[in-house]
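Chemist: Dropping a structure here in structure tokens format, bear with me for questions.
The values are calculated or read from the model by the stated rules, or taken from the named source; none is laboratory data. Keep in mind the model is a prediction, meaning the values are calculated, not measured. Note: ideal-geometry Cβ built from the backbone for every residue, glycine included; neighbour counts use all protein chains shown.
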Amino acid sequence: MPLHCILITLFISIITTTAHPPLSPLTPDNQTTYTVSKKLCWAWGCLSEPLEFLFVHNMVRAPHWELPLVWDSQLESYARWWAGQRKADCRLQHSFPEGGFTLGENVFWGGYGVDWTPTDAVQAWAGEWRYYTYATNACEKGRVCGHYTQIVWRNTRRIGCARVVCDGKRGVFITCNYYPPGNYIGQRPY
């Protein structure tokens, strides 16, 4: 078995067999998440884009003692379809009308001239943790935190994502879909 498979298996087994979580949630260290993910991906070429998406999502979930997400090829197909729809215009838009969802979904747009990666998108979404207040279960007034809460949503188990370089130097569009979806009003993410 290749060394990278052993290390990933060890990482996942450590996360899933750790003792009971502390009573208060831990603050995710997004800079560490970003740095570790980038170093692993540079060292191994991240093996595949899906692995990078999965790894960095699970790094964000780990401080909250959430079960690791697993890759879902059907969610990936849906994400690839939606990314394909956005390839021509790179418009930052969800694949469903407001309130008409059966999946969780995060979308990201990065401007032309940067090779935006899955880690960059997840870092942007996870950076919203600073606007989420666990005690009130709400975002700071005037701020967005729903991308972050979807990533760490306790009942979410599967993920599928896609990344596309848009036409006409419009940038990069990235989308991730989650099942079961999160962000239910009145429920806490973890």
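Chemist: For residues that are closer than 16 Å to VAL70 by Cβ and β-branched (Val, Ile, Thr), scanning just region 133-153, find the one that is nearest to the chain's Cα centre (by Cα).
Modeler: Out of the qualifying residues, it is ILE151.
Chemist: Here's a check for you: in region 154-172, which residue that is of a type in the set (Val, Ile, Thr) and not in a loop (DSSP other than H, G, I, E, B) is nearest to the chain's Cα centre (by Cα)?
Modeler: So the residue we want is ILE159.
Chemist: If you don't mind, another one. Inside region 161-171, can you point out the residues that are out of contact with any Cys (no Cβ under 7 Å at 6 or more places or on another chain) and either surrounded by fewer than 21 Cβ atoms within 10 Å (Cβ to Cβ) or charged (D, E, K, R) (or both)?
Modeler: ARG163, VAL164, VAL165, ASP167, GLY168, LYS169
Chemist: Which residues, taken from region 173-190, are part of a strand (DSSP E or B) and surrounded by fewer than 24 Cβ atoms within 10 Å (Cβ to Cβ)?
Modeler: If the condition is that a residue be part of a strand (DSSP E or B) and surrounded by fewer than 24 Cβ atoms within 10 Å (Cβ to Cβ), then TYR179 is the only one that fits.
Chemist: Which ones in region 88-118 are of a type in the set (S, T, N, Q) and either touching a residue at least 60 places away in the same chain (Cβ under 8 Å) or over 29 Å from TYR184 (Cβ atoms) (or both)?
Modeler: SER95, THR102, ASN106, THR117
Chemist: Considering ARG61, ARG91, ARG86, ARG80, which residue is modelled with pLDDT of 70 or more and more than 28 Å from ARG170 (Cα to Cα)?
Modeler: Residue meeting the stated conditions: ARG61.
Chemist: Still on this structure: Taking region 102-125 as the search range and keeping residues that are polar (S, T, N, Q) and at pLDDT 95 or above, which one is farthest from LYS87 (Cα to Cα)?
Modeler: Only one residue tops the list, namely GLN123.
Chemist: On to the next question. Scan region 68-86 residue by residue and report those that are in contact with a helix residue (DSSP H, G or I) (Cβ under 7 Å, 6 or more places away or on another chain) and in a strand (DSSP E or B).
Modeler: TRP71
Chemist: Cβ-Cβ distance below 6 Å, separation of 6 or more or different chains: which pairs start in region 154-167 with a residue that is under 15 Å from LEU69 (Cβ atoms) and end on one that is part of a loop (DSSP other than H, G, I, E, B) and hydrophobic (A, V, I, L, M, F, W, C)?
Modeler: ILE159/LEU69
Residue by residue, here is whether (1) buried (at least 22 other Cβ atoms within 10 Å of the Cβ); (2) closer than 14 Å to GLN187 by Cβ holds:
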| site | (1), (2) |
| --- | --- |
| ASP120 | no, no |
| GLN123 | no, no |
| GLU128 | no, no |
| TYR134 | no, yes |
| ALA138 | no, yes |
| LYS141 | no, no |
| GLY146 | no, yes |
| TRP153 | yes, yes |
| ILE159 | yes, no |
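Chemist: Can you pull out the residues in region 167-188 that are in contact with a strand residue (DSSP E or B) (Cβ under 6 Å, 6 or more places away or on another chain) and under 16 Å from PHE108 (Cα atoms)?
Modeler: Once the filter is applied, which keeps residues that are in contact with a strand residue (DSSP E or B) (Cβ under 6 Å, 6 or more places away or on another chain) and under 16 Å from PHE108 (Cα atoms), region 167-188 yields GLY171, VAL172, PHE173, ILE174, THR175, CYS176, ASN177, TYR178.
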